[in-house]
1. Taking the range 62-86 as the search range and keeping residues that are within 12 Å of Thr16 (Cα to Cα) and small (Gly, Ala, Ser), which one is least open to solvent (accessible area, probe 1.4 Å)?
2. Can we say Gly4 is modelled with pLDDT of 85 or more and assigned to a loop (DSSP other than H, G, I, E, B)?
3. Exactly one condition in (1) open to solvent by 80 Å² or more (accessible area, probe 1.4 Å); (2) on the phi < 0 side of the Ramachandran plot; (3) at pLDDT below 85 is not met by His22; state its number.
Amino acid sequence: MDGGGWRKVDAFIVETRLERDHFVITSRRCNFTKAVNAGDTNADCASPYALGRTHYTGDGRIYVDIDDDGRGGTWYDLEGSKPIGG
């Protein structure tokens, strides 16, 4: 499904969120398209965090658009964490 060439994806994006009571406190979006196409397994997208805070949760989602598959990209939601410091 790589379209017969070096390119594997048209897009691969990771979004992380730090939330409290279902409200986004901070988020980060990392574009890993070049890393995925290059086979780089060391890419890092550090999640936002808050030191000394309690009752925060983390979650995120991933966007994948596979090269030459005839379909558009799709966002996939990731399951959230349990509350931190509850």
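The values are calculated or read from the model by the stated rules, or taken from the named source; none is laboratory data. For clarity, every value in this text was computed on a predicted model and none was experimentally measured. Note: areas computed on protein heavy atoms with side chains; ligands, DNA, RNA excluded. Shrake-Rupley method; radii C 1.70, N 1.55, O 1.52, S 1.80 Å.
1. Within the range 62-86, the match that is least open to solvent (accessible area, probe 1.4 Å) is Gly80.
2. Here the answer is no, as Gly4 does not meet what is asked.
3. (2)
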